[in-house]
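Trainee: My questions all concern the structure below.
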Amino acid sequence: MNKAHLIPNSYYQFSKKISGSLLFPSHDDYLHFLFLYCRQVQPIARTFAYCLLPDSFFVLLQIRDEASLQRHTERVGAGIEEVAEDCQGYLERQISNFVARYHSSLNITFSENERGWHCEYLPNEAEVSHRVELLHLYPLYHEAVQGNGRWPYMSLHSLQSRRHTFLDRDTVHAWFGGFEEFLKESSFTLAECF
């Protein structure tokens, strides 16, 4: 994984794009990715937004604080000493395990350049909230998606609703001034997108 070093309480954008093949050939592949993500990454990170396209994905997240990571490892009975002694190594192994597990579930042979995922450090909440808006415009620029109506595999739908979600929706809404303000702002995104 081409990555920044993972540090508790820090913000990141994870992404991957491949050419000449599909990361998500079917609806079930999108669901499988989200299932694995919720199972393996969600315990160590707060997720703010995502966009899954046929050949790429983008996720905005914040690594949880050390106390939360300790509680998680105590609950599952693994890695307690590891978090205390080498938190960064523990986090990188957790993400690497997720990457490996997802790759092994695909029927794709990746070139050496395509095996890695990009991990970009984001310096503050302002940058993350800006990227939330940009992320939801990505389907507009994907040729296979244009003209297909509302793209279902992005977090905008969950952020606009009050139904249960794994996203940290309250934090995202707060960045925009509350739920109603987020709805107003995202309506401009939808108008541009669809």
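Trainee: Does region 109-117 contain at least one residue that is of a type outside the set (Phe, Trp, Tyr) and modelled with pLDDT of 70 or more?
Mentor: Initially, region 109-117 is screened for residues of a type outside the set (Phe, Trp, Tyr), giving 109, 111-116.
Within this subset, residues satisfying the condition of being modelled with pLDDT of 70 or more are none.
No.
Trainee: Hey, PHE98 hits all of (1) among the hydrophobic types (A, V, I, L, M, F, W, C); (2) surrounded by 13 or more Cβ atoms within 10 Å (Cβ to Cβ); (3) touching a residue at least 60 places away in the same chain (Cβ under 8 Å); (4) within 26 Å of HIS130 (Cα to Cα) but one; which does it fall short on?
Mentor: So the condition that PHE98 fails would be (4).
Trainee: State yes or no: is SER15 out of contact with any Leu (no Cβ under 6 Å at 6 or more places or on another chain) and in a strand (DSSP E or B)? I'd like the intermediate steps shown before the answer.
Mentor: Working: out of contact with any Leu (no Cβ under 6 Å at 6 or more places or on another chain): yes; in a strand (DSSP E or B): yes.
Taking the combined requirement at face value, the residue satisfies it.
Trainee: Do you know which of the residues in region 120-143 that are of a type outside the set (D, E, K, R) and open to solvent by 60 Å² or more (accessible area, probe 1.4 Å) is modelled with the lowest pLDDT?
Mentor: Narrowing region 120-143 to residues of a type outside the set (D, E, K, R): 121-124, 126, 128-130, 132, 134-142.
Narrowing further to those that are open to solvent by 60 Å² or more (accessible area, probe 1.4 Å): 121, 123-124, 126, 130, 134, 138, 141.
Working: TYR121: 94, PRO123: 94, ASN124: 95, ALA126: 93, HIS130: 91, LEU134: 88, TYR138: 82, TYR141: 71.
This residue is TYR141.
Trainee: Considering only region 61-92, state which residues are under 20 Å from HIS5 (Cα atoms) and of a type in the set (D, E, K, R).
Mentor: If the condition is that a residue be under 20 Å from HIS5 (Cα atoms) and of a type in the set (D, E, K, R), then ARG64, ASP65, GLU66, GLU81, GLU82, GLU85, ASP86, GLU92 are the ones that fit.
Trainee: I'm trying to understand the selection: among the residues of region 54-68, which are surrounded by fewer than 19 Cβ atoms within 10 Å (Cβ to Cβ) and more than 19 Å from PRO152 (Cβ to Cβ)?
Mentor: Matches in region 54-68: ASP65, GLU66, ALA67, SER68.
Trainee: Another question, then. Select from region 1-53 the residues that are acidic (Asp, Glu) and surrounded by 21 or more Cβ atoms within 10 Å (Cβ to Cβ) and list them in ascending order. Spell out the reasoning first.
Mentor: Here is the first cut: in region 1-53, the residues acidic (Asp, Glu) are 28-29.
Passing the criteria: none in range.
Trainee: Would you pick out the residues in region 69-93 that are crowded, with 16+ Cβ neighbours inside 10 Å and of a type in the set (Gly, Ala, Ser)?
Mentor: Answer for region 69-93, where residues must be crowded, with 16+ Cβ neighbours inside 10 Å and of a type in the set (Gly, Ala, Ser): just GLY79.
The values are calculated or read from the model by the stated rules, or taken from the named source; none is laboratory data. A quick note: this is a predicted structure, and the numbers were derived from the prediction, not measured. As a convention, Cβ positions derive from the backbone with ideal geometry for all residues, glycine included, and neighbour counts pool all protein chains shown. Each accessible area value is taken on the protein alone, full model and side chains, heavy atoms only, with ligands, DNA and RNA left out. Shrake-Rupley method; radii C 1.70, N 1.55, O 1.52, S 1.80 Å.
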